[in-house]
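As structure tokens, the structure follows; a few thoughts come after it.
The values are calculated or read from the model by the stated rules, or taken from the named source; none is laboratory data. Remember, predicted model here, so these are calculated numbers, not experimental data. When we count neighbours, we look across all protein chains shown, and the Cβ atoms used for this are built from the backbone with ideal geometry, even at glycine. These accessible areas exclude ligands, DNA and RNA; they are computed on the full protein's heavy atoms, side chains included. Shrake-Rupley method; radii C 1.70, N 1.55, O 1.52, S 1.80 Å.
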Amino acid sequence: MTAEKKSVKNRLWLFLLLVFVGGFLGGFTHEYRGGVFANAQTGNLINFGVALSTGNVSKALHCLCSFIAYTTGAFTCQRAMDRCRKSGRRWECILLTFELAMLVFLALLPSGAPFLITQVGINLMASMQYHTFKGVAGVNMATTFVTNHTRNLGVALEKTVFEHDPDQRRRIPMHLASLGTFILGVCCAAVTGRALDGYALLICLPPVAVNLAAYLRERES
């Protein structure tokens, strides 16, 4: 097997671990931290507009803060990636280490802490993760939301059925696996969050840690 095929970025199972985390964080914030969509901003902007129209200032501010945090995450991530590219450092390792620290911090927050702290922390993580892990094995995919998986699944099915495209055929199970894994993460958050509250976030540590270990090994080899 060539070095290219063994690359971390070609291992679907590692990517799916981050998809699970994405589903978990989205389900957790929506159910237990203010009903905000931490992973993507379309829903938050809809909620922002509805809140404005109904005079719900508190809800509108929460959604606006989420939007600003997500945008800040993308800005920070792009800047950090550019600097790491110039210095030869591995940005993925830095980001995954940051995610581990943030997850522990958020999990240990007192139960009475404002929801906004968790929302903003997860907004930052989700934005940076989406901007960093953009695909696997040459296929454009996302770890923090599933809109593109749904669209690309439809495209792959059409090209497989009518054009018999073997490359698109191999993408079908990849997108299905991502959709299923994301849903699994959401379900897990809904169940464990009810029982563990903030400590449920610690469930995300192993998937992130496994990815960090894989990137560190690849860097050293």
For the stretch 25-97 the mean separation of alpha carbon contacts under 8 Å (6+ apart) over residue count, i.e. relative contact order in percent, is 19 percent
Comparing 38, 69, 113 in a Gaussian network model of the chain (Cα, 10 Å), the one with the largest mean-square fluctuation is 113
Carbon plus sulfur, as percent of the 1.4 Å-probe accessible area of the stretch 118-211, comes to 69 percent
Heavy-atom accessible area of the stretch 1-91 with neighbours in place, 1.4 angstrom probe: carbon+sulfur share in percent works out to 64 percent
Ignoring ligands and nucleic acids, residue 57 exposes an accessible area, probe 1.4 Å, in Å² to the nearest 10, of 100 Å²
Spelling it out for residue 135: with amide H atoms placed in the peptide plane at 1.01 Å from N, the residues 5 or more places away or on another chain with amide H under 5 Å from its amide H are 141
Put 7, 178, 58 in order of accessible area, largest first, probe 1.4 Å, and you get 58, 7, 178
Plugging the Cβ-Cβ distance of residue 162 and residue 64 into 1/(1 + (r/R0)^6) at R0 = 35 Å yields, to the nearest 0.05, a FRET efficiency of 0.20
Karplus ³J(HN,Hα) for the stretch 159-173 (6.51 cos²θ - 1.76 cosθ + 1.60, θ = phi - 60°; Hz, whole; x = Gly/Pro) runs 6, 6, 6, 9, 10, 6, 7, x, 5, 5, 4, 6, 7, 4, x
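Suppose only helical runs count, i.e. DSSP H with n ≥ 4. What mean residue ellipticity at 222 nm does that imply for the chain under -39500 (n - 2.57) per run, divided by all residues and rounded to the nearest 500 deg cm²/dmol?
One gets -26000 deg cm²/dmol as the mean residue ellipticity at 222 nm.
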Heavy-atom accessible area per residue of the chain, all protein chains kept, 1.4 Å probe, expressed in Å², is 51 Å²
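Suppose R0 equals 41 Å. What FRET efficiency, 1/(1 + (r/R0)^6) with r the Cβ-Cβ distance, do residue 195 and residue 10 give to the nearest 0.05?
Computed FRET efficiency for residue 195 and residue 10: 0.65.
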